[in-house]
Structure formats: structure tokens, C-alpha cells
Amino acid sequence: MFETAPRISRPALLIGNYTDPAERDNASSLLEELDELVRTLGVPIAGRLLVFHRELHARYLIGSGKAEEICERVKAEELGALIFDHDLSPSQQRNWEELSGVPVLDRQKVILDIFGGRARSREARLQIELAQIEYSLPRLTRAWAHLGGQGGGIGGKGEGESQLEQDRRRMWKASDRLKRELEQIKSARATQRKDRQRTPVPNCAIVGYTNVGKSSLLHRLTGADVLVENKLFATLDTTTRKVSLPSKQPLLLTDTVGFVRKLPHRLVEAFKATLEEAAQADFLVHLLDASAPEVMEFYATTMKVLAELGANKRPMIVVFNKTDKVSDIARLHGLRTHFPDALFISVQTGEGLDVLLEKMSELASPGTLTRNLRIPAGEAGLVARIYREARVHQISYDGADTLITATLAGRLTRDCARFMQSDETPRDSASAMAHAKATRRRKTGGFRQKKA
């Protein structure tokens, strides 16, 4: 129902623009990213053109003289399309197509089509279809030649209603239907989240720019069977798997869709149901590509999207991946200076993953304590539980007692409190139990009086 991108078989010309000379490097970087996006879409590329103009023009975005020069190149090289890094208004897109005679796309349409080809789950397909409809509605006037004709009959609003009005009405109805279905999915996801929250298992979401290794990290830590490809937006659907941390604390780890600079706002809105996993997580792992020259911009882009979702205030571990691809030691030193609390890893080689798991253990189990325990022989069940739920550092035996040094968290800490060794408590188990009983008596006001 929505307008689909025309099939482009001949090479396309990519066009970037900037109005401030200081923004040239950033515009060039965005144009390179557009190149990668278009190649991901499978469109051949003839070249890239970066245009400077002093102000934005209403008709062609850039000046009419430069527009005519570009169109002459289109005819001379027999190009198949023009693709702009800047978002075009419907009228600008129509003007360019009339002047050049070839299909004209913008960055927003390229991203939408990539998402459309990658969506696998029902939820992702609904989200993409909704975003496509919202993008296409203002562009219907140029979609088909017959749209201006009048129509009537069954299903029409009456004699004289144009085909354009009928199609626009159908798209509005489709949009309402998609929004209702997405609300139902959102409600079901909230129910699933409540079910997970009934059991005290913390949740962590991996967020970050597209193609930084989020799915690879999930696969490496959990062994999950997820798609791992060196492509932009290889993953659109969230995947949640359980990982056992060094503290023996189970953790639900969620992979989310990647972000990109100049991400269309309608896509952020459409994927809010999916990205709620990040907003509802107990903490986040913000993954970055240490080898990317634009890593600081990627960090800012992700933080901006997280702020729109209300997730930027969550506890966060900043992690730089792909350190094995960085040969410049000064670059890593600069990143460590700017992000003193960040971790540096390589999912490919496994470097630093143990440190990351330790940090995740700290956030997953706030208030963890490493304590020396003296457990009497009659508490063998507690010893087995400590092995299951805690991280045991050392174990020895003193007569019938078991001496354990372990990192405890949550309810287990409370259950082991009476067996903890300290300067204030006696060392032998019998005295420890007597000491615990005396403490309880003091809190309750002493012994109860026996009835006469």
C-alpha cells in the first residue's frame, strides 16, 4: 500500500551537502556512511559528491545552478538514481525527479528500505510498515498518474472522490490498525516482563551504534544462536538470553537494534516498543567501536536516542570493543583519558571479557559482600546452596565445621549472616550460634516469663 522504492539497476550518485565550512569533515563522514548504507541496500554506486552552499533552498535544497549541473552529469553518465544524505521534502523530491528524470531517494528512505528488508519478527514488520506509511503519505501525489482521477461506487465517499483521497484514507486506516496491533504487542511484552520480574533475575540491555558487535558480544557471552554479520542493521529484533555471571548470579542479557546518525524520528517512534527493553533494563552495556574514527559522534548519537527513550539515566557500563583493530596506542590512551571508567575488550579475541563479566556482576548484585563463613556440620544444605548461588573463593575444614570465603548477594547474604566471622563474633560455631541467640534476645527485650 505504501510507496516502495523503485528498482535501481544502474549506478547511483550520492550527494552530501553542508552550509558551514567547519562542518565539511562531518558532512564527508556522513556521506561515507551513506555509501555503506546504500551498498547494504544493494544499489551500485557511481560516485560521491559533496556540495557546499550558503543556505538551504526551498526548490532543490541546493542552488538551481548546481542542480542543473548535477542533472547534466546524470544524463552524460546515464546514472540510475540520485541519493541525498539530507532529508528531502516531498516537493523537493518531486522537483529533482522532474529535473533529472531518474528516481530520487534520501537518507531516510534508504534506512527505511534496509529495515524493511531485514525485519523478521511480526513486531518488526509491523513497525516498519507503519514507518513506511507515515513516510509515504505526503508523497502520494506523485506516486501514480491515476491518482487525480475521480471515482465512486461501493467503498467510496461519494461521486467525485479522487483516487488520491481513497488511497490516503486506506493508508490512514492501515496506520490506525498497525498502531492498535503494536499496542497489543506492547501489552503482551509488558506481561512477559512482569513474569520475568516475579523471579529476581536482573536484566541488562546491550545498546550502541550499528555494527559495533552487540550480537557478537551476546553470542560470545551466552552462546546464543543469533545472526552475526558485518553489516549495518543486521539485527532488528531483540534477543534475550540468560548468562551465568562469575558470582553465580543469573542475568538476562538483551541485544537491541543498533542506532545510526540522523536516524529518522519516525523509526525511533516505531521501534519504541522494541527499545523499551533498554528503558526497562536494570543496567545497560553501551558498546562502542574503538577503531572507528567517529567514535565520539557514535557515543553522542546513542546517548541522544537513549535520552528520547528515557533510558539515559540507567546505570551504564561504557565498553570499547574491537581493541584488536587499534594499532595506535595513543588513540586508546586518549579514550581511556576521556572515559576513565570505561572497559576495553575484543569480542573477537576474548580480551577483557572477564573484567566485563566482573563489572556486570557488581551491577547485577548490588550490595555484594565477600565474607568468611564458619558453617557447622548440620548446615550441609546451606553449603550446597552457597556453591550454587555464590562465588566461592576458598574452602577449608576445622573439625566438623566448614570454613568458606565467598562473595554473597541478596537473600543469601541474610541467610548466612549468623555464620559470618568478624572481630566482634566468636570463631567457633557453638559460640557463634549462642552469640546470634543473645543478639535476638536483646532485640526482643529478653526472655519470656514462664507462666506459673
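The values are calculated or read from the model by the stated rules, or taken from the named source; none is laboratory data. Owing to the predicted nature of the structure, the values given are computational and were not obtained by experimental measurement. Heads up, the Cβs are rebuilt from the backbone with ideal geometry, glycines too, and the neighbour counts pull from every protein chain shown.
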Inside segment 76-104, can you point out the residues that are without any contact (Cβ under 8 Å) to a residue 12 or more places away in the chain and of a type in the set (D, E, K, R)? Glu98
So which of Gly63, Gly101 ends up being surrounded by fewer than 20 Cβ atoms within 10 Å (Cβ to Cβ), more than 36 Å from the chain's Cα centre (by Cα) and under 19 Å from Asp20 (Cα atoms)? Gly63
Matching residues, segment 139-158, being modelled with pLDDT under 50, in a helix (DSSP H, G or I) and closer than 15 Å to Arg170 by Cα: Leu147
Does Ser136 satisfy being among the hydroxyl-bearing types (Ser, Thr, Tyr) and modelled with pLDDT of 80 or more? yes
Among the listed residues Glu33, Glu23, identify the single one that is free of Cβ contacts under 8 Å to residues at least 12 places away in the same chain, of a type outside the set (A, V, I, L, M) and not in a strand (DSSP E or B). Glu23
For the condition closer than 30 Å to Leu251 by Cβ, part of a helix (DSSP H, G or I) and either modelled with pLDDT of 75 or more or in the same structural domain as Leu221 (by TED's automatic domain parsing) (or both), what is the one hit in Ser175, Ser187? Ser187
Is it fair to say Gly208 is modelled with pLDDT under 80 and either on the phi > 0 side of the Ramachandran plot or in the same structural domain as Thr349 (by TED's automatic domain parsing) (or both)? no
Say we look at segment 250-272 and pick out the residues that are of a type in the set (A, V, I, L, M, F, W, C), outside any strand (DSSP E or B) and more than 12 Å from the chain's Cα centre (by Cα); which of these is modelled with the highest pLDDT? Leu263
Working carefully through the options Leu412, Leu373, find the one that is free of Cβ contacts under 8 Å to residues at least 40 places away in the same chain and not assigned by TED's automatic domain parsing to the domain that holds Val318. Leu412
Is it fair to say Ala76 is over 19 Å from Arg7 (Cβ atoms), aliphatic (A, V, I, L, M) and surrounded by fewer than 19 Cβ atoms within 10 Å (Cβ to Cβ)? yes
Under the condition of being over 14 Å from the mean Cα position of the chain (by Cα) and either within 23 Å of Ser365 (Cα to Cα) or surrounded by 19 or more Cβ atoms within 10 Å (Cβ to Cβ) (or both), which residue from segment 296-316 is modelled with the lowest pLDDT? Lys313
